[in-house]
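The values are calculated or read from the model by the stated rules, or taken from the named source; none is laboratory data. Since the structure is predicted, the reported quantities are computational estimates derived from the model, not experimental observations. Every residue, glycine as well, gets a Cβ built from its backbone with ideal geometry; the counts of neighbours run over all protein chains shown. These accessible areas exclude ligands, DNA and RNA; they are computed on the full protein's heavy atoms, side chains included. Shrake-Rupley method; radii C 1.70, N 1.55, O 1.52, S 1.80 Å.
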Amino acid sequence: MTSTAVNPFLEGNFAPIREEVVADNLTVIGELPPDLSGMFVRNGPNPQFPPLGNYHWFDGDGMLHGVRIKDGKASYRNRYVRTRGFLKEREAGKAIWTGLMEPPQMDNPEGPFKNAANTALIWHAGQFLALWEGGGPHAIRLPQLETVGPHTFNGKLTSAFTAHPKIDPVTGEMLFFGYSLGPDPHIDYSIATPGGELSRTVRIELPVGSMHHDFAITENYRFSWTCP
């Protein structure tokens with residue numbers, strides 16, 4: 001059933017923005033340095049359809065908002081991350097997955113949950129990736145913000161991919177992990193080379209399943225934050 005209850009994350013400043021636009025030659029107050037060139041992109045949840053059941057802020061489809069600065073001018077564009085789940089729901093014309101506030105849809109023929117690619121972004125080895133901790137990353141083409149597709153490290157990635165990987169400032173390697181709650185709870189810690197190749201994965205078995213959201217790295221140790 002589609003929820004009609006008032007939800008603070010579906011109205012006001014959090015209301016979905018479903019239009020994808022391009023705005024060139026934005027008004028600049030003052031002057032942009034002519035040598036300043038680059039693009040700022042942010043990611044966040046933005047459901048394309050009214051949700052099924054109770055909506056959680058983390059459920060919405062990923063939408064990228066980008067401001068590009070070049071030759072003293074600024075432009076803006078926004079684009080949905082076109083994940084498999086996003087395309088399935090667009091084809092159906094409605095939401096077909098529930099979210100975190102509802103029980104998993106174990107009987108959903110499309111799978112119990114959707115990779116929303118809505119949490120964070122990272123640039124590594126010439127790849128710009130949209131991230132969501134329950135599934136794999138999606139490659140994004142810049143500056144168009146077009147979705148290239150799932151990024152699997154040439155088929156070697158077999159785990160989920162944290163939304164908060166870390167780049168080793170000394171080696172240039174990218175360190176990340178993916179967790180599984182069950183039936184055999186574990187964490188897979190992985191390393192990608194500076195060139196973007198998946199070089200190593202170590203599985204750590206866990207006595208019980210838990211959600212691991214973020215971690216930190218030091219020269220000799222790695223620390224993980226968990227949600228019991």
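Scanning segment 33-50 for residues that are in a loop (DSSP other than H, G, I, E, B) and either over 18 Å from Trp132 (Cβ atoms) or open to solvent by 20 Å² or more (accessible area, probe 1.4 Å) (or both) turns up Pro33, Pro34, Asp35, Leu36, Ser37, Phe49, Pro50. For residues that are in contact with a strand residue (DSSP E or B) (Cβ under 8 Å, 6 or more places away or on another chain) and basic (Lys, Arg), scanning just segment 71-83, find the one that is most open to solvent (accessible area, probe 1.4 Å). The qualifying residue most open to solvent (accessible area, probe 1.4 Å) is Arg82. Here segment 161-188 is the region considered, the condition is being of a type in the set (Ser, Thr, Tyr) and assigned to a loop (DSSP other than H, G, I, E, B), and the residue that is most open to solvent (accessible area, probe 1.4 Å) is Thr171.
Do we find a residue being β-branched (Val, Ile, Thr), at pLDDT 95 or above and open to solvent by less than 30 Å² (accessible area, probe 1.4 Å) anywhere in segment 144-159? Taking every residue of segment 144-159 in turn, none turns out to be β-branched (Val, Ile, Thr), at pLDDT 95 or above and open to solvent by less than 30 Å² (accessible area, probe 1.4 Å).
Among the residues making up segment 110-160, a single one is more than 15 Å from the chain's Cα centre (by Cα) and either assigned to a strand (DSSP E or B) or within 17 Å of Phe58 (Cα to Cα) (or both): Pro112.
When Ala15 is tested against (1) touching a residue at least 12 places away in the same chain (Cβ under 8 Å); (2) on the phi < 0 side of the Ramachandran plot; (3) of a type in the set (Gly, Ala, Ser), only condition (1) is not met. Restricting attention to segment 189-212 and to residues that are within 29 Å of Phe128 (Cβ to Cβ) and at pLDDT below 90, the residue that is surrounded by the fewest Cβ atoms within 10 Å (Cβ to Cβ) turns out to be Met211.
How many residues, within segment 51-78, are part of a strand (DSSP E or B) and either modelled with pLDDT under 95 or β-branched (Val, Ile, Thr) (or both)?
Filtering segment 51-78 down to residues part of a strand (DSSP E or B) leaves 52, 62-70, 73-78.
From the residues that got through so far, the ones that are either modelled with pLDDT under 95 or β-branched (Val, Ile, Thr) (or both) too are 52, 67, 69.
Adding up the residues that qualify gives 3.
When restricted to residues that are surrounded by fewer than 21 Cβ atoms within 10 Å (Cβ to Cβ) and over 14 Å from Ala23 (Cβ atoms), segment 52-69 contains 6.
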